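K.L.:
Below: one structure in structure tokens.
The values are calculated or read from the model by the stated rules, or taken from the named source; none is laboratory data. The structure presented is a predicted model; accordingly, all values stated were derived computationally and were not measured. Quick note on the areas: whole protein, heavy atoms, side chains included, nothing else; ligands and nucleic acids left out. Shrake-Rupley method; radii C 1.70, N 1.55, O 1.52, S 1.80 Å.
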Amino acid sequence: VQLQASGGGLMQPGGSLRLSCAPSGSIFSINEMGWYRQAPGKQRELVARIFSGGSTNYADSVKGRFTISRDNAKNTVYLQMNSLKPEDTAVYYCHAYSRFTNYWGQGTLVTVSS
């Protein structure tokens, strides 16, 4: 089973993008889903995550601009990104954790540039 992410692309500063991610098959009892990102020359970092009960965590750099949500019935996670900044440019990776197993998506590139 793999996670399939979509929604990346090129956007001007101040614009919005929405990322989506869903598994290619069945994953049961997903505890946590989220998004990480990796900019060129930097380590992968947590952007946002959401737990099965609905609680969320955000990186300080995206608080107030990004919103993570989840459709539990579809095991789909979304990342609404508003007020994008050039420093948000990175490859965004979807992640899920279930039954002691980490699942990762292939990454989707988000470029914020004028």
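K.L.:
Counting only Cα, what are the radius of gyration and maximum Cα-Cα distance Dmax of segment 33-114, in Å?
P.N.:
Final numbers for Rg and Dmax: 12.7, 43 Å.
K.L.:
Express as a percent, rounded to the nearest 5, the fraction of DSSP beta bridges in the chain (both residues included) that run antiparallel.
P.N.:
90 percent
K.L.:
Quick check: at a probe of 1.4 Å, how many percent of the accessible area of the chain sits on carbon and sulfur atoms?
P.N.:
46 percent
K.L.:
What accessible area per residue, rounded to a whole number of Å², is obtained for segment 60-105 using a probe radius of 1.4 Å?
P.N.:
In whole numbers, segment 60-105 has 52 Å² accessible per residue.
K.L.:
Here's something else I'd like to know. Just want to confirm a number: the relative contact order over the chain, from Cα pairs under 8 angstrom separated by 6+ residues, in percent.
P.N.:
RCO, the chain: 38 percent.
K.L.:
Taking 0.36 nm per residue of sequence separation and subtracting the Cα-Cα distance, how much length would be gained by fully extending the chain between residue 83 and residue 109, in nm to one decimal?
P.N.:
Roughly 7.7 nm would be gained on extension.
K.L.:
Taking 0.36 nm per residue of sequence separation and subtracting the Cα-Cα distance, how much length would be gained by fully extending the chain between residue 6 and residue 44, in nm to one decimal?
P.N.:
Extending this stretch completely gives an extra 11.8 nm.
K.L.:
Could you give me the ³J(HN,Hα) list for segment 17-30, computed from phi with Karplus coefficients 6.51, -1.76, 1.60 and θ = phi - 60°, whole Hz, x at Gly and Pro?
P.N.:
Using θ = phi - 60°, the values come out as 9, 10, 9, 10, 8, 9, x, 6, x, 8, 10, 9, 6, 6 Hz.
K.L.:
Sorted from largest down, what three extents in whole angstroms do the Cα atoms of segment 20-68 have along their principal axes?
P.N.:
34, 23, 16 Å, listed from the longest principal axis down.
K.L.:
Shifting gears a bit: Please list, ordered by chain and number, the residues whose modelled amide H lies under 5 Å from the amide H of residue 47; skip anything fewer than 5 residues away on the same chain.
P.N.:
Hits under the 5 Å cutoff: 35, 36, 37.
K.L.:
I'd like the distance separating the alpha-carbon centroids of segment 26-42 and segment 90-112, in whole Å.
P.N.:
4 Å
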